[in-house]
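No value in this document is a laboratory result; all are computed from the given coordinates. Quick caveat, the model's predicted, so the values are computed rather than measured. Here the Cβ is made from the backbone with ideal geometry for all residues, glycine too, and neighbour counts use every protein chain on show.
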Amino acid sequence: MDTKKKLLTISHLKKYFPIPKNSIFQKEQYFVRANEDISFDIYEGETIGLVGESGCGKSTLGRVILQLYEQTGGSTIYYGKDKSEVAPCYEKETIEKFDKYHAKYLKAKAKADDLRKKVAEVGVENADFFLLQSKSLAITDEKTLFNMIARVVGGFFAVEDKAKREAGFKLMLKAYDLDVAVAKDKAHLNDLQIDLEFQSNLEKKNEKKIAKLNDEIAAMNEKIAQDRSDRGKAREELAEYKKQFMDNPKFVECEGYLDYGVDLSRLKYREIRRLRRDLQIIFQDPYSSLNPRMTIGQILEEGLLTHHFYKRGSKAMKDYVLETMNKCGLQDFMVYRYPHQFSGGQRQRVCIARSLAVKPKFVVCDECVSALDVSIQSQIINLLDELKEQENLTYLFISHDLSVVKYISDRIGVMYLGSLVEFADKDAIFDDPRHPYTVSLLSSIPTTEVSDKKKERIILEGNIPSPIRPPHGCKFHTRCFMACEKCKRVTPELVEVEPGHFVACHFPEKKLDKDGNYLFQLNKEKKDEQGN
């Protein structure tokens, strides 16, 4: 995937849902830890499969990435649009309030350093769970704050001379103001072009209005060109100013965190609204996600009007709606029907058409085939695959069905109790699973194969622990067939055991032999030895 362009980077993502207190005497606030410290990249044109038991946080993760749920922590960087196209308010705020953010970072760094020292004094083997957890959380907070600031100010993070730093910030703000001007003018230009298209297709054309719109469009194009030229000069001036600091290694290092992606988690409501067309979702229930009072045509038109694709009632709008329906296997006469007049499979096609009508770049497919018959499932999956190739789409495909995920996905993430426990290419997940939970899931897949060898099956015992108070250490240790004392105390980090293969387990050795049989190489003595 290294040759492909990165579309999204999710770093240390957290989502906690607060639980209302039972009484005024309850002092502690409880949370449902739906997503905890999740990090991975998504590349353009690929399909990421997400699997796990019900309640593991798959759907929540999909919605948090789209910011349908507000993030509790971490960052979600979107590269589908440059920051200059969006001109997010947080960029200006970070520059203007740098001292405040920097002081917050220094406080987090001091806390993390103190905890690192305490763990080093007693040793990781002897440190209790709460100390190790506090250290991990503090380091995450330190990294998150550093990245949040450095992505905006770049190398100026390391400039100690306040006067020189402020001079650089002035140049950055000058370029930012021109970004805002270009973004506003482009939006206005789009509205003028839509109005011109509508007026040009009327039977009785208003030539004066058309001429006026053409003049306004020409003037707006000139203004945008001038603003872009001024912005280019401002950036050249900024680049020239930075040259004097390039002999400072820390400046160069921070300049490499400098990120031109957009942090979705820091956008204001009106800003994320502009990106909704790029980031879409297909919901699990095709019936409850459609307005029963609107025809299919009206449902498809709604997004196109909201994102200023066409003018209401225009011929271009009607033609485009029918074209989108045909792509999704829906016939023209269905445009006047209501959702209740369709079958389950047809309603899901309507949901797909609604999502794809606004030409998105990234689509979350939230168990979009789980409520359908097997024959209809294959039709919908094939449709999604065809549309992906035609429109160069990127999917996050959420499902509990491993066979479906294997068919449609390029890479697969396995989730357990809000955490990502394994992430790799689909062939690696099925042929070389390293996490005991992944092994257990694969073992549970029904098969019709007839073999002389009777393969061992792994049966998951017990229930999923509470996400309010998850187990200490590895969350899976209460149900794991390989758990030892270390698993109960130390939370395993998601590490790369092979290129592109990430596992969060203290024992990431191979679990299958070449014939697909289980290799439990770690006997009880070895596990106990490593756990102590």
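I need the peptides 303-316, 121-134 ranked by packing, meaning the mean over residues of other C-beta atoms within 10 angstrom, with the highest value on top.
303-316, 121-134
Picking from Ile38, Asn382, Ile459, whose Cα lies most toward the positive end of the charge dipole for the chain (charges on Cβ: Lys, Arg +1; Asp, Glu -1)?
Checked the options; the winner is Ile38.
What does the charge dipole of the range 1-57 about its Cα centre add up to, to the nearest 20 debye, if the Cβ of each Lys and Arg holds +1 and the Cβ of each Asp and Glu holds -1?
With only Lys, Arg, Asp and Glu charged at Cβ, the dipole is about 300 debye.
Based on Cβ point charges of +1 for Lys and Arg and -1 for Asp and Glu, what charge dipole magnitude is obtained for the range 74-188 about its Cα centre, in debye rounded to the nearest 20?
Computed about the Cα centre, the dipole is about 160 debye.
Amide H neighbours of Leu7 under 5 Å, counting only residues 5+ apart in sequence or on other chains, H built in-plane at 1.01 Å?
Ile42, Tyr43, Glu44
Normalised by the number of residues in the chain, what is the relative contact order in percent for Cα pairs under 8 Å and 6+ residues apart?
19 percent.
With the cut-off at 19 Å, tell me which of the pairs Lys205/Lys315; Lys426/Lys511; Lys92/Lys250; Lys5/Lys81; Lys143/Lys475 have Cα atoms farther apart than that.
Those over the limit are Lys92/Lys250; Lys143/Lys475.
Please report the antiparallel percentage of the DSSP beta bridges confined to the chain, to the nearest 5.
If I count the DSSP bridges inside the chain, around 60 percent turn out antiparallel.
Could the peptides 457-467, 280-290 be put in order, highest first, of the mean number of other beta-carbon atoms found within 10 Å of their residues?
Averaged packing, sorted descending, gives the order 280-290, 457-467.
Using DSSP H assignments, which helices in the chain have an axial alpha-carbon span of 24 Å or above and a mean Kyte-Doolittle hydropathy of -0.5 or higher?
Both cut-offs are met by 129-153, 162-200, 374-391.
Which aspartates and glutamates, on any chain, are close to Lys97 with Cα under 15 Å apart, when same-chain ones fewer than 8 places away are left out?
Glu166
Using DSSP to define loop residues, name the GluC sites (Glu not before Pro) in the range 137-181 whose beta-carbon has at most 13 other beta-carbon atoms within 10 Å.
Glu160
Check which residues have an amide H placed less than 5 Å from Gly73's amide H, if you skip close sequence neighbours.
Lys14
What spacing in nm lies between the two simple spin-label points modelled at Leu131 and His308, each 7 Å away from Cα in the Cβ direction?
Inter-label distance under the simple model: 5.8 nm.
For the range 40-52, take each phi angle, set θ = phi - 60°, evaluate the Karplus expression 6.51 cos²θ - 1.76 cosθ + 1.60, and give the result in whole Hz per residue in order, putting x for glycine and proline.
5, 10, 10, 9, 4, x, 9, 10, 9, x, 10, 10, x
Just subtract the alpha-carbon distance of Ser288 and Asp427 from 0.36 nm times their residue separation and send over the number in nm, one decimal.
Length gained between Ser288 and Asp427: 46.5 nm.
Report relative contact order for the range 401-443 in percent, whole number only (criteria: Cα-Cα under 8 Å, sequence separation at least 6).
30
Label-point separation (nm) for His400 and Phe333, each offset 7 Å from Cα along Cα-to-Cβ?
Placing both labels 7 Å beyond Cα along the Cβ direction yields 4.0 nm.
Report the gain in length on full extension from Lys162 to Asn190: 0.36 nm times residue separation, minus Cα-Cα distance, nm rounded to one decimal.
Fully extending the segment from Lys162 to Asn190 adds 5.9 nm.
What FRET efficiency comes out for Gln29 versus Ile459 if R0 is 56 angstrom and r is the Cβ-Cβ distance? Round to the nearest 0.05.
0.95
Name the long-range amide H neighbours of Lys81: under 5 Å, sequence gap of 5 or more, or other chain; modelled H, no Pro or chain starts.
Amide H to amide H, under 5 Å and 5 or more residues apart or across chains, Lys81 pairs with Val262.
If you place +1 on the Cβ of every Lys and Arg and -1 on the Cβ of every Asp and Glu, how big does the dipole about the Cα centre of the chain come out, in debye to the nearest 20?
Charge dipole, the chain, about its Cα centre: 1540 debye, nearest 20.
Can you tell me the order of 260-269, 195-204, 146-155 when each peptide is scored by its average per-residue count of other Cβ atoms within 10 angstrom, highest first?
146-155, 260-269, 195-204
Convert each backbone phi in the range 404-416 into a coupling constant with the Karplus relation 6.51 cos²θ - 1.76 cosθ + 1.60 (shift: θ = phi - 60°), then list the ³J(HN,Hα) values in order as whole Hz, x for Gly and Pro.
Karplus-based 3J(HN,Hα) across the range 404-416 equals 5, 4, 5, 5, 9, 8, 9, 10, 10, x, 10, 10, 9 Hz.
Between Ala110 and Arg228, how many nm apart are label points set 7 Å from Cα along the C-beta direction?
4.8
Tell me which of Leu68, Gly413, Val439 sits at the most positive position along the dipole axis of the chain, charges placed on C-beta atoms (Lys, Arg +1; Asp, Glu -1).
Going by the Cα projections, it comes out as Leu68.
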